[in-house]
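Structure, as structure tokens:
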Amino acid sequence: MPDTPLTVLCPGPLSSRCADVLARALAGRDTEVLSRPEGLLHGRRLLFALSLDEGGCCRGSQELLFFLRTVPGCLRGCVGGVLIDGPGDLFTKAVGRELVLAADLAGCAFVGRPLVEGTGSLRNFTVQAKNAGCSLEAAYPLAVSELTDRILAFARPRLARPKLLVLHASSRSTSNTLALWGLVREQLADRCAVTEIGLRSGTLVDCAGCPYTTCLHYGEQGGCFYGGVMVQEVYPAVREADAVVLLCPNYNDALSANLTAAVNRLTALYRTVSFQDKAVFALVVSGYSGGDIVASQIVSAMNMNKGFWLPAGFCMLETANDKGEALALPGIRERAAAFAGNLLSQLTG
């Protein structure tokens, strides 16, 4: 989409390095630069650009987060990406995933791998620089330019009957998360092809951290060093799926062990299969609080790392502790129906 304008949203002052990188990456593009949202920003192609200070903060970003969290639907129909520049090697991804989650819940979809980080040393561009045959400093604006191209080119799918892969590691007899999924699935039964895989039974071995060449070798064969349910069931199902739906009870403010292992084990498949046309959705149920922490982990693991695209409103966040409590929450059926409706609208156009 060469003629599509890009809105660059800079909620705080940019460092000289970040400003220079942006200028080089966006040269010749039709751009509008905003320091803060001026009302609703529906249907925009957005690049959020932030510079962090020595404390890993961008004070202007707090005002932006307040706006995103208190004006529902303010980014409806937008597609975005994020550039964060920092003086050290910490905090860029933490700030990025917090921003992406807030913007997603406000209506903005994100392309796969939507975050470009300029860490203090720029060593995070080592692989990109090697592949491009250039310096770390030159790889930085190239990455921003490539991200911008993908933001402008992104098109939501228009699928007649989306194929959903649902992954969980819960017990049907006690799980509030599975009970909630039952309400959502009722709304999808006639419109989607649904495959559910339970990862609870047996042993799901976590990623061994094989050398790149070993992981690539197994990935090219359609497998992984450890084999098992991931290779036999999950890999083929991911290949076929238009979207992956993760059912995530909040375990100590984290994904459950088996779901974490499954995400890690996707690496071998990711070596040989692009996930950029596959979406990720999630149901997150917390006993007391912290659902946003789990949702942000899914953002960083599945969207920022593995490259699944993130539909607007990708997650449903609920709080329920005792067995059966989720189905007794006030308005739960209406919220489940709304989540299912949004999932369909994101995948069917």
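Out of the residues in the stretch 31-53 that are at pLDDT 95 or above and of a type in the set (D, E, K, R), which is surrounded by the fewest Cβ atoms within 10 Å (Cβ to Cβ)?
Looking at residues that are at pLDDT 95 or above and of a type in the set (D, E, K, R), I get 32.
Restricting attention to the stretch 110-122, report how many residues are within 9 Å of the chain's Cα centre (by Cα) and buried (at least 24 other Cβ atoms within 10 Å of the Cβ).
2
Taking the stretch 68-81 as the search range and keeping residues that are out of contact with any strand residue (DSSP E or B) (no Cβ under 6 Å at 6 or more places or on another chain) and crowded, with 19+ Cβ neighbours inside 10 Å, which one is farthest from residue 115 (Cα to Cα)?
74
Taking the stretch 259-299 as the search range and keeping residues that are assigned to a helix (DSSP H, G or I) and charged (D, E, K, R), which one is surrounded by the most Cβ atoms within 10 Å (Cβ to Cβ)?
Looking at residues that are assigned to a helix (DSSP H, G or I) and charged (D, E, K, R), I get 265.
Scan the stretch 52-63 and tell me whether some residue there is under 21 Å from residue 298 (Cβ atoms), assigned to a loop (DSSP other than H, G, I, E, B) and touching a residue at least 24 places away in the same chain (Cβ under 8 Å).
Scanning the stretch 52-63, I find no residue that is under 21 Å from residue 298 (Cβ atoms), assigned to a loop (DSSP other than H, G, I, E, B) and touching a residue at least 24 places away in the same chain (Cβ under 8 Å), so the answer is no.
How many residues does the stretch 215-251 contain that are farther than 18 Å from residue 307 by Cβ, at pLDDT 95 or above and not in a helix (DSSP H, G or I)?
Within the stretch 215-251, residues that are farther than 18 Å from residue 307 by Cβ, at pLDDT 95 or above and not in a helix (DSSP H, G or I) number 4.
Go through the stretch 226-259 residue by residue and tally those that are over 19 Å from residue 181 (Cα atoms) and either hydroxyl-bearing (Ser, Thr, Tyr) or touching a Pro at 6+ places or on another chain (Cβ under 8 Å) (or both).
2
Quick check on the stretch 236-258: of everything there that is surrounded by fewer than 20 Cβ atoms within 10 Å (Cβ to Cβ) and in contact with a helix residue (DSSP H, G or I) (Cβ under 8 Å, 6 or more places away or on another chain), which residue is farthest from residue 196 (Cα to Cα)?
253
Which condition number does residue 174 fail, the rest of (1) outside the structural domain of residue 44 (by TED's automatic domain parsing); (2) surrounded by fewer than 20 Cβ atoms within 10 Å (Cβ to Cβ); (3) not in a loop (DSSP other than H, G, I, E, B) being met?
Failing condition for residue 174: (3).
For a quick check of your reading of the model, give me the residue pairs whose first member lies in the stretch 114-131 and is at negative phi, whose second is exposed (fewer than 12 other Cβ atoms within 10 Å of the Cβ), with beta-carbon atoms closer than 7 Å and at least 6 apart or on different chains.
Every condition considered, the pairs that remain are 129/135.
Being surrounded by fewer than 15 Cβ atoms within 10 Å (Cβ to Cβ) and of a type in the set (Gly, Ala, Ser) is the filter here, so list the residues in the stretch 318-340 that pass it.
324, 328, 331, 337
Determine whether residue 9 is crowded, with 19+ Cβ neighbours inside 10 Å and without any contact (Cβ under 8 Å) to a residue 40 or more places away in the chain.
Here the answer is no, as residue 9 does not meet what is asked.
Any residue in the stretch 334-349 that is within 15 Å of residue 180 (Cβ to Cβ) and in the same structural domain as residue 246 (by TED's automatic domain parsing) sitting within a Cβ distance under 6 Å of a residue that is of a type in the set (S, T, N, Q) and at pLDDT 95 or above? List the pairs, counting only those 6 or more apart or interchain.
Cβ pairs passing all conditions: 337/187; 340/187.
The values are calculated or read from the model by the stated rules, or taken from the named source; none is laboratory data. Not measured: the values here are computed from a predicted model. As a convention, Cβ positions derive from the backbone with ideal geometry for all residues, glycine included, and neighbour counts pool all protein chains shown.
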